[in-house]
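*Asks:* Sharing a structure, written as structure tokens. Questions coming.
The values are calculated or read from the model by the stated rules, or taken from the named source; none is laboratory data. Small disclaimer: the values here were computed from a predicted structure and weren't measured. Cβ atoms come from the backbone with ideal geometry, glycine included; neighbour counts cover every protein chain shown. For the accessible areas, the whole protein counts, side chains as well, though only heavy atoms, and no ligand, DNA or RNA atoms are used. Shrake-Rupley method; radii C 1.70, N 1.55, O 1.52, S 1.80 Å.
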Amino acid sequence: MAFTGKYILESQENYEQFLEAIGLLSAKTDHKVVTEVVQDGDHFTWTQSIPNWTWSNEFTIGQECELQTMTGAKFTANVTMEGGKIKIQFPQYLFTAEIVEDKLEMNCTTPGDTGLVFKRVNTRT
């Protein structure tokens, strides 16, 4: 499937500003995040990891799913895909992900008129 693969962080924009905006500046790391995606039709397992920390969610496109934030707080969200772009409304930001030229591009956008966009570009390994 299009998203299935293992990806390593290539570049990012507004990382520290995003962590500060959502109250997680203490989670800042210089490690390169590894993202592993397993796609089976509309069902996904999405895992991000650095040494000593792993964060994973399972979800199905078009369904309301129980997910967890980076801090482990659970929430429910409807997961959608429009034009090949996955969209999930987290409690503090909108998460989107898409494959662009075989790279995984992920954006987290905080709400409001001054919404901050945290962008990560990940290379398939």
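*Asks:* Would you mind calculating the gained length between V121 and I61 on full extension (0.36 nm times residue separation, minus the Cα-Cα distance), in nm to one decimal?
*Replies:* 19.4 nm
*Asks:* Could you tally the net charge around E10, taking each other residue with its Cβ under 9 Å from the Cβ of E10, Lys/Arg +1 and Asp/Glu -1?
*Replies:* +3
*Asks:* Among residues other than N78 whose Cβ falls under 14 Å from its Cβ, what is the net charge (Lys/Arg +1, Asp/Glu -1)?
*Replies:* -3
*Asks:* Show me, for the range 14-19, the HN-Hα J-couplings you get by feeding each phi into the Karplus relation (A = 6.51, B = -1.76, C = 1.60, θ = phi - 60°), rounded to Hz, glycine and proline as x.
*Replies:* Whole-Hz 3J(HN,Hα) from phi for the range 14-19: 6, 4, 5, 4, 5, 4.
*Asks:* Explain nothing, just compute: Karplus ³J(HN,Hα) = 6.51 cos²θ - 1.76 cosθ + 1.60, θ = phi - 60°, for every residue of the range 117-125 in order, whole Hz, x for Gly and Pro.
*Replies:* 3J(HN,Hα) across the range 117-125, in whole Hz: 10, 9, 10, 10, 10, 10, 8, 5, 9.
*Asks:* State the percentage of accessible surface on the chain attributable to carbon and sulfur atoms; use a 1.4 Å probe and exclude ligands, DNA and RNA.
*Replies:* With neighbouring chains kept in place, the figure for the chain is 47 percent.
*Asks:* Additional query: Let me have the 222 nm mean residue ellipticity of the chain computed from DSSP H runs of 4+ only, each contributing -39500 (n - 2.57), with the sum over all residues rounded to the nearest 500.
*Replies:* -1500 deg cm²/dmol
*Asks:* For the chain, with every protein chain kept in place, what is the accessible area per residue (1.4 Å probe, Å²)?
*Replies:* 56 Å²
*Asks:* Here is a follow-up. Work out how much length I50 to E20 would gain on full extension: take 0.36 nm times their residue separation and subtract the Cα-Cα distance, in nm to one decimal.
*Replies:* 8.9 nm
*Asks:* Another question about this same structure. Of all trypsin sites (Lys or Arg not before Pro) in the range 1-100, which ones are in loop regions per DSSP and have a Cβ with at most 14 other Cβ atoms within 10 Å? Mind showing how you got there, number by number?
*Replies:* Working: sites: K6, K28, K32, K74, K85, K87; in loops: K28, K32.
Those satisfying the criteria are K28, K32.
*Asks:* Ordered by residue, what ³J(HN,Hα) values in Hz, to whole numbers, does the range 59-72 give under the Karplus form 6.51 cos²θ - 1.76 cosθ + 1.60, where θ = phi - 60° and Gly and Pro are x?
*Replies:* 7, 10, 4, x, 10, 7, 10, 8, 10, 9, 7, 4, 8, x
*Asks:* Near T60, within a Cβ-to-Cβ distance under 10 Å, what is the net charge of the other residues, with Lys and Arg +1 and Asp and Glu -1? List each step's numbers first, then the result.
*Replies:* On the way: positive: none; negative: D40, D42, E58, E64.
The answer is -4.
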